Amino acid sequence: MSEPADLVVVGAGPAGMAAAATALAGGVRVVLLDSQAALGGQYWRHPPEHARALVATDDLHHGLRRYRALCQALAAHRTTGRLDLRLGHHAWSVVREDDGFAVHAVDRREAPRETALVLRAPRLLVATGAYDRQLPFPGWDVPGVLTVGGLQALLKGGGVAAGSRVALGGTGPFLLPVAAGLAARGVEVVAVCEAAHPRAWLRHPGPLLRNPGKWAEGAGYAAALLRHRVPVRPRTAIVAAAGGARVTSVRIASLAPDGSPRPGTERRVEVDAVGVGWGFAPQLDLLVPLGCALTDSADGNAVVAVDGGQRTTVPGVYAAGETCGVGGAALAVNEGRLAARSILADLGAGPLPVNGRPAAPRSAVTRQRAFARAMALAHPLPPAWPSWLTDETVVCRCEEVSAGAIRTARAEGAHDHRQVKQLTRAGMGWCQGRMCGPAVHCLTARGRAYEPAERLVATPVTLGALADLDETPPAPPAPPVPPVPPASTADGETDKECP
Amino acid sequence: MSEIVVDGDPLPFVEGQTVAAALVASGRLAWRTTRVGHRPRGVFCGIGVCFDCLVTVDGARGQRACLVPARTGMTVTTREGDDE
Ligand SMILES: Cc1cc2nc3c(=O)[nH]c(=O)nc-3n(C[C@H](O)[C@@H](O)[C@H](O)COP(=O)(O)OP(=O)(O)OC[C@H]3O[C@@H](n4cnc5c(N)ncnc54)[C@H](O)[C@@H]3O)c2cc1C
Ligand code: FES
């Protein structure tokens, strides 16, 4: 791309793809970057383009028509030179400059080789998504225990099932597609342990009724699980895992309303892999150092605060998708479009040539956020979760800090995860508290929303790569574009908002 | 089928898989031990966040196996101390 970009989008998941497509349709120049080798983010995670024939994953996906329409819209803009698509590029820091933002990134397409580069634009959209939120339990660090998202990523990205007899546990609707995907690949899913009770949804019937698309998706998974005879057990949890070099069994218990295991209900189940997840934590690594204000979300996370047009509190910085709160792919797409419309308006670009109906994504976002809130309230973290931990249970996987050490730190006056970190090193290791942060927070300052620690770099970078820094890298060549099918329009929007 | 070399032994992979996916597909879920407790670790988050899956790739230490695409001829070593 010879002319400078108007917008850098970090993250090519549902939110970033939709935002880029809409912004491009509005006539601006966009750089879209993602650390993955393919477009799609977590929801539409795919093997790299050249490998799709070998790793078939289409049947594991939902909304592929929309994904393909977005891919084609982006490909078309790549050939015109207005989209600079950078897959395999990891942004490690963003710095505000006089006339915009400098995104510091490393090109890891030839990993482990890294090439550093800087991408600049007057506007920045951060659509970096979220990662699985974890609550430790005895044995959660035994190999073969994965995050549910990790199981899903191996399946969708690499066509690999991590086990043949798998138990899933935690809370939230996300357990269902993972169970259905594993079952579809012949894995015996011995139990889906959902800590919440479905009755909790009935306390917020409004959002449920106004989002029939969610119902349909849920009903589809329920039918698939029934067909594969996968038992879904409400109000139960995986409270321990055992094994040496690999997990061999879990203990499953019924939960009392406060989330404590009901005495006498525990049973041992043999497995060779486990998936656990308690919702998601937004990926705020690039937004926090920029000074974007955060706000509390119903699921106990702090998320980036945005106005009705997805603008953060820092002028020029926009956010869309799960950085603004966890709510699923359809909400992410609509937020991406809304953000792009704001960016176009703020840049003084003309009206969108197609589908210029600003009210449509905005009302869909409002409706879907209400659903996300109801979902969060129906799937809370169990208040009595700390009672599952023995003093020996590892909480910080990197620095191997036990629950006992964290309890001692709290008794000595540590009031939040930052103070616990200073006293115990929990959160000081390689992952910088991304895995243990929410849990340490729950053990110390549960009443407040979890705000992640500020991290100086979003991903470790080698000094060698920085030494060879290429300030104005040429855009990678665009591959030939397949013809755009009539079902989609120039910005990849089909005629309706994402249901 | 393509192959990488893990600790001296060939390991087949399918084009497009990461090093972690290739290891898991071969039934290996643990490939390093922790510094303090010498506990086994392998893949946990699968998306580059937890750093459990560290390996050395073509001599470069501290690589996340779940992010590095496998390439024919790539040399992967797994060992103690990769988290130092
Ligand atoms: C592992 C995992 C698997 C999931 N699978 C499903 C599923 O199968 N079904 C479902 O309904 N929901 C799933 N979800 C929930 C998911 O969060 C979706 O709701 C949806 O993908 C959110 O869209 P998004 O665009 O906000 O973010 P994401 O889809 O998460 O996209 C964010 C993108 O940003 C990239 N990124 C982040 N930081 C950087 C950086 N510093 N530099 C460069 N790129 C960066 C990431 O690689 C990612 O591709 C999953 C979540 C996780 C964590
Ligand atoms: S498995 Fe978590 S970083 Fe690779």
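Per-residue ellipticity at 222 nm, computed for chain B from helices alone with -39500 (n - 2.57) per DSSP H run of at least four residues, works out to -2000 deg cm²/dmol. Given the -39500 (n - 2.57) contribution per DSSP H run of 4+ residues, what per-residue ellipticity at 222 nm results for chain A, rounded to the nearest 500 deg cm²/dmol? That comes out to -8500 deg cm²/dmol.
Can you say what percent of the DSSP beta bridges in chain A, counting only those with both residues inside, are antiparallel? Round to 5. Antiparallel: roughly 50 percent of the beta bridges in chain A. Kirkwood radius, segment A:85-151, all distinct C-alpha pairs, inverse of mean reciprocal distance: 15.0 Å.
Using all pairs of distinct alpha-carbon atoms, the Kirkwood hydrodynamic radius of segment B:2-77 works out to 12.2 angstrom. A Cα-only calculation for segment A:411-454 places Rg and Dmax at 9.5, 27 Å. Restricting the calculation to Cα atoms, chain A shows an Rg/Rh of 0.96 when the hydrodynamic-style radius is the Kirkwood one.
For segment A:1-89, the Kirkwood hydrodynamic radius comes to 13.2 Å, computed from all pairs of different C-alpha atoms. Segment A:39-112 and segment A:146-183 have Cα centres spaced 23 Å apart.
So if I take the centroid of the Cα atoms in segment A:402-447 and the same for segment A:254-282, what is the distance between those two points in Å? Rounded to whole Å, the Cα centres lie 22 Å apart. For a test of the definition: using alpha carbon positions, the gyration tensor, and the 1.5 limit on a/c, classify segment A:371-468 as rounded, prolate or oblate. It is oblate, given that a/c is not under 1.5 and a/b is not larger than b/c.
Relative intensity of segment A:256-344 on a log10 scale, I(q)/I(0) at q = 0.18, 0.22 Å⁻¹, equals -0.80, -1.07, per a Debye sum over C-alpha point scatterers of equal strength in the absence of solvent. Please say if segment A:129-286 is rounded, prolate or oblate, where rounded means a/c under 1.5 for a ≥ b ≥ c the square roots of the C-alpha gyration tensor eigenvalues, and otherwise the choice is prolate for a/b larger than b/c and oblate otherwise? Rounded is the answer for segment A:129-286, as its axis ratio a/c remains below 1.5.
Each residue in A:3, A:335, A:188, A:114 was given a count of other beta-carbon atoms within 10 angstrom of its own, and listing them fewest first yields A:3, A:188, A:114, A:335.
Only the coordinates and a few stated rules stand behind these numbers; no lab work does. All values reported here derive from a predicted model rather than from experimental measurement. Using ideal geometry, Cβ is built from the backbone for each residue, glycine included, and neighbour counts are taken over all protein chains shown.
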